[in-house]
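Trainee: Shown below is the structure under consideration.
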Amino acid sequence: MMKYNFDKLTDRRGTGSLKWDVPRGELPMWVADMDFETAPEIIEVLKKRAEHGIFGYSVVTQDWYEAYQDWWGRRHGLEMEKGWLVFCTGVVPAISSTVRKLTTVGENVLVQTPVYNIFFNSIRNNGRNILESPLVYEDGEYHVDFDDLEAKLADSQTTLMILCNPHNPVGKIWDRETLARIGELCARHHVLVLSDEIHCDLTDPGYDYVPFAAVSKLCRDNSITCLAPTKTFNLAGLQTAAVVAPNPVIRHKLERGLNTDEVAEPNVFAVVAAVAAFRKGEEWLEELRAYLFENKQCVRRFVSERLTGIRVVPSNATYLLWLDCSAVTEDAGELTDFIRKNSGLYLTAGEEYGTCGRQFIRLNAACPRARLQEGLERLEKCVKNF
């Protein structure tokens, strides 16, 4: 029996929620934001801090560094020195700042598509060129096209690669051998790796991810890694993250960028929330992972039994599911529009993650099971009428 209640249907309307600020009757299953209340242990710490009543300027405390070091060392085999860690208000600000500070206008930043769409904004908005190295979709699964990757890394205009580990939206956990090969190619061609590992704790039970910086000294010394408790514990609105840069030269440039961009200072809840999450939230996380796994299994069973034209791409990480709709339509964007208009179910068109995602839909399964079932029934009705 579970200690925590993930079946609770918390009403999020009227709370200024990005996800739920939609017309009444709509069911949002798009943005990567869970419909679960965070761990009660974290809430208690936040309440206690709020009750103090004074909300002045805050600093990054010693226990923040220790919490990150302990969590990644113990759970993921990444031993970090305190000096490698830098506070940041979020992973996206860290990515944008890295693009600005460690590349030059007009250079190429490589991404493996389909991939988290905000990467494109961080690149394009800063005057750099998006260079796509599409993943190969073969027999229903994704893998790296190393010939294409190396050719594009070898371009002298390519100076940064943004790696998504585990990969959003396809839910792929990159194995050590794949990461080592990526690291070797990037080092050979003088391309810095920025690894977004925000989904790393949301793996299926029995599966672990491999931090890019833990693969080899080569990977460690030619990389910046973005970490956060925000996806794992549903704390995105508290704006708390960390950047790991073991190489002192890279770290100096990174710190200058984060400070110049004014994203290196914590709000009053950012540090205590992260410490509480990593020190008090582990039991809650283990139950969450089991619940999410069963949610994803529910989607797979439902699609297999009742939506034969759609295929769920196999994955072992994140609470996002990548649905192959190629047997139903060549343009999943038209399908998502039809679904939202006719049922209120709000999903994300795969083309947002790159043109190679045009026949896919991303579905967020991180919600109470009754809400998930309702979403699947809306999906079934619309697909059959499309």
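The values are calculated or read from the model by the stated rules, or taken from the named source; none is laboratory data. Computed from a predicted structure; not experimentally measured. Quick reminder, even Gly has a Cβ in these numbers, built from the backbone with ideal geometry, and neighbours come from all protein chains shown. Ligands, DNA and RNA are excluded from the accessible area calculation, which covers all protein heavy atoms including side chains. Shrake-Rupley method; radii C 1.70, N 1.55, O 1.52, S 1.80 Å.
Trainee: Go over the candidates 268, 263, 328 one by one and state the one that is in a loop (DSSP other than H, G, I, E, B), in contact with a Cys (Cβ under 7 Å, 6 or more places away or on another chain) and among the β-branched types (Val, Ile, Thr).
Mentor: After ruling out the rest, the residue left standing is 263.
Trainee: Of all residues being part of a loop (DSSP other than H, G, I, E, B) and of a type in the set (D, E, K, R) in the stretch 35-46, which is surrounded by the most Cβ atoms within 10 Å (Cβ to Cβ)? Just the residue, please.
Mentor: Ranking the qualifying residues of the stretch 35-46, first place goes to 35.
Trainee: From the list 276, 270, 290, 214, which residue is more than 17 Å from the chain's Cα centre (by Cα) and surrounded by fewer than 18 Cβ atoms within 10 Å (Cβ to Cβ)?
Mentor: Selected residue: 290, the only one of 276, 270, 290, 214 that is more than 17 Å from the chain's Cα centre (by Cα) and surrounded by fewer than 18 Cβ atoms within 10 Å (Cβ to Cβ).
Trainee: Consider only pairs whose beta carbons are under 7 Å apart and that are at least six residues apart or on different chains; among these, list those whose first residue lies in the stretch 61-72 and is without any contact (Cβ under 8 Å) to a residue 24 or more places away in the chain and whose second residue is in a helix (DSSP H, G or I).
Mentor: Close Cβ pairs satisfying both conditions: 65/82; 69/82.
So that you can scan it fast, the table gives a plain yes or no per residue for (1) assigned to a strand (DSSP E or B); (2) closer than 28 Å to residue 78 by Cβ:
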residue	(1), (2)
114	no, yes
123	no, yes
126	no, no
149	no, yes
163	yes, yes
174	no, yes
180	no, yes
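Trainee: Name the residue, out of 24, 49, that is of a type in the set (D, E, K, R), over 26 Å from the mean Cα position of the chain (by Cα) and in a loop (DSSP other than H, G, I, E, B).
Mentor: 24
Trainee: Write out, first by first residue and then by second, each pair whose Cβ atoms fall under 6 Å of each other, whose residues are 6+ apart or on separate chains, and whose first residue, in the stretch 117-128, is modelled with pLDDT of 95 or more while the second is in a loop (DSSP other than H, G, I, E, B) and open to solvent by 20 Å² or more (accessible area, probe 1.4 Å).
Mentor: Every condition considered, the pairs that remain are 127/105; 128/107.
Residues are listed down the side, and each one gets a yes or a no for (1) under 23 Å from residue 198 (Cβ atoms); (2) not in a loop (DSSP other than H, G, I, E, B):
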residue	(1), (2)
31	yes, no
54	no, no
63	yes, yes
87	yes, yes
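Trainee: Something else about it: In the stretch 1-45, what residues are in contact with a helix residue (DSSP H, G or I) (Cβ under 6 Å, 6 or more places away or on another chain) and farther than 17 Å from residue 365 by Cα?
Mentor: 2, 4, 39, 41, 42, 45
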